[in-house]
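Asks: The following block contains the structure, expressed as structure tokens.
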């Protein structure tokens, strides 16, 4: 089980952050991702693999300011 | 000419001296001087924040007047200079640093190194993400207050301040994207700006939670 934005998500362990973002419909150019309290560098989205008991926070920015 | 002392004494004295002393010592960097940034800068200046660093590359356009703090007389002038002038008419003793440059991947370090409190107020979501990621990745002492989701005329009450990450606060409804058919209007943009300005004041006073 992995917790993403406060919700428990099943069967996601083993995927990279990049793959998760695509599958969940995020535009990776518009997000910031925190994993277990630490920012995930943008350059590491392909390499960082989601593991059991991870807590992720994905912030997706929308336009306007 | 109104003196610095007169303006300081004219602040709401129901707050303690220490509160204003903290505001006076504080420094906030505002990236983007559109509907969010121009209004945030004015709110912070009215509150007595000692130093504001204002960053924007653009000039005032007639289409900005529906929600940004500028006036007809400012059209075609750099937003940095127009805002410096407006703030000068509210409190000429606020120290204003202006940088008239477009923020890019290449100049992030030059523009933001040493800034501890950064207000992200860009229009473009990719620039928002670029700045927030850079600050969270590269500047471990920096706290960011960002705006996301204030287009249209949806309920005001959906605009909130949330602490999304250890050093990232996001104000807005996080959904209402600006696009063809859904533009930006003064009330919701100003509400969001108020959320960002208030969170910045709270951080200066040591209130960490949203």
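Asks: Return the calculated 222 nm mean residue ellipticity for chain B, to the nearest 500 deg cm²/dmol, obtained by summing -39500 (n - 2.57) across DSSP H runs with n ≥ 4 and dividing by the residue count. If you can, show how the numbers build up before the last one.
Replies: Values: 7 runs with 78 residues, N = 210.
About -11500 deg cm²/dmol.
Asks: Inverting the mean 1/r over all pairs of different Cα atoms, compute the Kirkwood radius of the stretch B:15-204 and quote it in Å. Intermediate values should be presented prior to the final figure.
Replies: On the way: mean 1/r = 0.0605 Å⁻¹.
About 16.5 Å, per the Kirkwood formula over Cα pairs.
Asks: Which FRET efficiency, nearest 0.05, do residue A:23 and residue B:185 yield, Cβ-Cβ r, R0 35 Å? Kindly include the intermediate steps, with their values, before the conclusion.
Replies: On the way: r = 35 Å, r/R0 = 0.99.
E between residue A:23 and residue B:185, to the nearest 0.05, is 0.50.
Asks: Still on this structure, please answer the following. Could you state, as a whole-number percent, how many of the C-alpha pairs of the stretch B:1-59 are farther apart than 16 Å?
Replies: Details: 847 of 1711 pairs.
The share of Cα pairs beyond 16 Å in the stretch B:1-59 comes to 50 percent.
Asks: Which order do peptides A:54-65, A:33-44 fall in by mean Cβ count within 10 Å, highest first? Mind dumping the intermediate values first?
Replies: Values: A:54-65: 22.5, A:33-44: 16.5.
Order by mean packing, descending: A:54-65, A:33-44.
Asks: Just how far, in whole angstrom, is chain A from the stretch B:20-51 if you go by their alpha carbon centroids?
Replies: Centre-to-centre (Cα) distance: 32 Å.
Asks: For the stretch B:31-79, what relative contact order do you get, as a whole percent, if you take Cα pairs closer than 8 Å and at least 6 residues apart? All intermediate terms of the calculation are to be shown ahead of the outcome.
Replies: Numbers: 49 pairs, mean separation 21.0, N = 49.
Reported relative contact order: 43 percent.
Asks: A follow-up question, please. Full extension from residue B:141 to residue B:71: what is 0.36 nm times the residue separation minus their Cα-Cα distance, to one decimal in nm? Present the calculation step by step, with values, prior to reporting the outcome.
Replies: Working: separation 70, 0.36 × 70 = 25.20 nm, distance 3.65 nm.
Length gained between residue B:141 and residue B:71: 21.6 nm.
Asks: In whole angstrom, note down how far apart the Cα centers of the stretch B:124-142 and the stretch B:152-210 are.
Replies: 17
Asks: Can you tell me how much longer the chain between residue B:1 and residue B:207 gets when fully stretched, taken as 0.36 nm per residue apart minus their C-alpha distance, in nm with one decimal?
Replies: Length difference between fully extended and current span is 70.6 nm.
Asks: Along Cα→Cβ, 7 Å out, is where each label goes; now give me the distance between the ones at residue B:162 and residue B:110 in nm to one decimal.
Replies: Modelled inter-label distance: 3.6 nm.
Asks: Work out the mean other chain Cβ neighbour count within 10 Å for the residues of A:25-31 and drop it here as an integer. Please report the intermediate quantities before stating the final value.
Replies: Working: counts 0, 0, 3, 1, 5, 9, 5.
Averaged over the peptide's residues, the number is 3.
Asks: Which order results if B:36, B:111, B:185 are arranged by neighbouring Cβ count within 10 Å, fewest first?
Replies: Values: B:36 35, B:111 18, B:185 15.
The fewest-first ordering by Cβ neighbours comes to B:185, B:111, B:36.
Asks: On to the next question. Per-residue mean of other chain beta-carbon atoms within 10 angstrom of the beta-carbon, peptide B:127-138? Please list the in-between numbers first.
Replies: Details: counts 5, 10, 10, 5, 2, 5, 9, 3, 2, 7, 8, 2.
Counting other chains' Cβ atoms within 10 Å and averaging over B:127-138 gives 6.
Asks: Something else: For n ≥ 4 DSSP H runs only, could you compute -39500 (n - 2.57) per run for chain A, divide by its residues and tell me the 222 nm figure to the nearest 500? Working shown, then result.
Replies: Values: 1 runs with 7 residues, N = 65.
Result for chain A: -2500 deg cm²/dmol, rounded to the nearest 500.
Asks: Multiplying the sequence separation of residue B:18 and residue B:58 by 0.36 nm and subtracting their Cα-Cα distance, what value in nm do you get?
Replies: Values: separation 40, 0.36 × 40 = 14.40 nm, distance 3.68 nm.
Full extension from residue B:18 to residue B:58 adds 10.7 nm.
Asks: Normalising by the residue count of the stretch A:2-55, find the relative contact order in percent from Cα pairs under 8 Å and 6+ residues apart.
Replies: 50
Asks: Right, next: DSSP beta bridges in the protein assembly as shown, what fraction antiparallel, as a percent rounded to 5?
Replies: Working: 18 of 41 bridges.
Approximately 45 percent, going by the DSSP bridge assignments.
Asks: Between residue B:99 and residue A:51, what FRET efficiency follows from the Cβ-Cβ distance if R0 is 45 Å, with the result rounded to 0.05? Let's see the in-between values first.
Replies: On the way: r = 42 Å, r/R0 = 0.93.
According to the calculation, E is roughly 0.60.
Asks: How many percent of the alpha carbon pairs in the stretch A:2-55 exceed a separation of 18 Å?
Replies: In whole percent, the long-distance tail amounts to 21.
Asks: If you count, for every residue in B:143-150, the Cβ atoms of partner chains within 10 Å of its Cβ, what is the mean? Walk me through the numbers on the way to the answer.
Replies: Working: counts 0, 1, 0, 4, 4, 8, 5, 4.
Mean shielding count: 3.
Asks: Using Cα pairs under 8 angstrom and six or more residues apart, how large is the relative contact order of chain B, in percent?
Replies: Value for chain B: 22 percent.
Each value in this text was obtained by applying a stated rule to the coordinates, not by laboratory testing. Note that the structure is predicted; figures quoted are calculated from it, not measured. Every residue, glycine among them, receives a Cβ derived from its backbone with ideal geometry; neighbour counts consider all protein chains shown.
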